[in-house]
Amino acid sequence: MLELIPRIFVYKFYRTFGFPRIMPMNYTLSLLYNCNSRCSTCNIWKKKSDDLTISEYKLIFKKLGRSPYWLTLSGGEPFLRKDIVEICMELYKYCKPKIINIPSNGLLTDTIVKNVQQIATICKKSQIIINLSIDGIGEKHDEIRNVPGNYKKVIDTFHKLKALKLGNLTVGIHTVISKFNVDDFSSIANELMQLQPDSYITEIAEQRVELDTMDSIITPDIISYCTSIDYLIHRIKNGKFKGMNKITQSFRIEYYNLVKKILSERTQVIPCYAGISSAQISPDGEVWSCCIKAESMGDLRQNDYSFKKIWFSRKMKKERASIRNKECYCPLANASYTNMLMHFPTLTRVFFRSFIKWWS
């Protein structure tokens, strides 16, 4: 992470003064909207797209160059892309990201295990993070995901991925806290943490344009959410972590406390760097500052597959001004972790918690 320090200062300058121009370090590529789950917290499977092809991704990656540090391949269900290994191969060839994160519902056990093994072998200098989504225990998970037998399949996928024992592979579990499971969260977290995933993370269900949930009542009430997340914070503080994992867990505590403040104050609690240090590319090649608003800043297909051309456009400049002026706010995890890297008070707390003492 030390190589990020100079970039942090450049991003802060860029946000304030508009120079020097710099590409983002945190990218999310939505590979498709298609999904084999029918989650109560997500309607993305209803959306249609003309997905970018492997040859188009190759052109995009060549022009992105080495700017990506952290890159998430999302969906829909990413492993429904039959060419996901080829996409990762081209990504690694041209961009060499330090981290490749792939969330999955874990339904396609054999396909996922086979593809992950190939991806980890090809992208040998990247840390491959697979986060399996589990929102309940047993039939409760199946009910939220609306797929019979989902829980059994995702647990099978988890154990088979862990058995790969690849040095650059991290297998985590991800829980979306929603109105459907918030009251059971403590028991859910207890059960899933007993599986000893490499990481256990949560995110709050929210209304997103990308997920087609703008009119859906899925977010838990603030009191219930805070009660649940305080329990998780307590578990983390009393856990025994070493090395990089201790730093990671410190950032987790900061994120969960940040979400509580955002929900309470209904504004940006710390400066948002979406559109500066983080960005998203939709399945059909639109460039977004983030997936909450999912507003197109430009179409890569209409701009010679040049991300840079869209990134430094007049429209993107206007979007940055809007975000800087706090005309939006959200607790989106992916962007929030990048924002925390840019926020020196947060970094100071992480430093003390990680290297001085594990404190409250």
Once you keep just the Cα pairs under 8 angstrom separated by 6 or more residues, what percentage relative contact order results for region 219-305? 15 percent
Roughly how many Å² of Asp183 are accessible to a 1.4 Å probe, to the nearest 10? 130 Å²
Where Cα atoms sit under 27 Å apart: lysine pairs in region 27-118 separated by 8 or more or lying on different chains: 28
Which of the lysines could be linked to Lys246 by a straight reach, that is with a Cα gap under 16 Å, when you skip same-chain ones fewer than 8 residues away? Lys237, Lys357
Once the whole set of protein chains is in place, how much accessible area is left on Ser354, using a 1.4 Å probe, in Å² to the nearest 10? 10 Å²
The chain - charge dipole about Cα centre, Lys and Arg +1 at Cβ, Asp and Glu -1, debye rounded to 20: 1640 debye
Sequence of Arg301, Arg324 from largest to smallest accessible area, 1.4 Å probe: Arg324, Arg301
Determine the distance separating the Cα centre of region 286-323 from the Cα centre of region 99-120; give it in Å without decimals. 29 Å
Between Phe19 and Met244, Cβ-based FRET efficiency (R0 30 Å, step 0.05) works out to 0.35
Could you tell me the convex hull volume per residue, in Å³, taken over the Cα atoms of region 1-136? 141 Å³
Quick check: Cα centre of region 156-218 to Cα centre of region 259-273, how many Å? 22 Å
Leu4 and Lys98 label points (each 7 Å along its Cα→Cβ direction) are spaced in nm at 0.6 nm
Mean separation of Cα contacts under 8 Å (at least 6 apart) over the residue count of region 257-360, i.e. the relative contact order in percent, is 29 percent
Calculated SAXS-style log₁₀ I(q)/I(0) at q = 0.13, 0.20 Å⁻¹ - region 29-76, Debye, Cα scatterers: -0.40, -0.77
Answer check: the chain, Cα atoms, Kirkwood Rh, Rg/Rh ratio of 0.93
Run the helix sum for the chain: -39,500 (n - 2.57) per DSSP H stretch of 4+ residues, divided by residue count, reported at 222 nm to the nearest 500 deg cm²/dmol. -13000 deg cm²/dmol
Per residue of region 299-314, what does 6.51 cos²θ - 1.76 cosθ + 1.60 with θ = phi - 60° give for ³J(HN,Hα)? Whole Hz please, x for Gly and Pro, Karplus curve as stated. 9, 4, 5, 9, 10, 6, 6, 9, 4, 4, 4, 6, 4, 9, 7, 4
Which value does Rg/Rh take for region 150-219 over its C-alpha atoms, Rh per Kirkwood? 1.05
From Cα pairs below 8 angstrom and at least 6 apart in sequence, can you work out the relative contact order of the chain, rounded to a whole percent? 18 percent
Among Pro103, Pro271, Pro148, determine the one that fluctuates most according to a GNM of the chain built with springs between C-alpha atoms less than 10 Å apart. Pro148
For the chain, cysteines whose Cβ has no other cysteine Cβ within reach (under 4.7 Å): Cys35, Cys88, Cys95, Cys123, Cys226, Cys272, Cys290, Cys291, Cys328, Cys330
So Ile222 and Leu164, fully extended at 0.36 nm per residue minus their Cα-Cα distance, gain in nm 16.9 nm
At a Cα cut-off below 18 Å, give the lysines reachable from Lys152, other chains included and same-chain residues fewer than 8 away excluded. Lys140, Lys160, Lys162
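The values are calculated or read from the model by the stated rules, or taken from the named source; none is laboratory data. It should be emphasised that the depicted structure is a prediction, and the values quoted were computed from it without experimental measurement. Glycine gets a Cβ as well: all are built from the backbone with ideal geometry, and neighbour counts include every protein chain shown. To get the accessible areas, we keep the full protein, side chains included, count just its heavy atoms, and leave off ligands, DNA and RNA. Shrake-Rupley method; radii C 1.70, N 1.55, O 1.52, S 1.80 Å.
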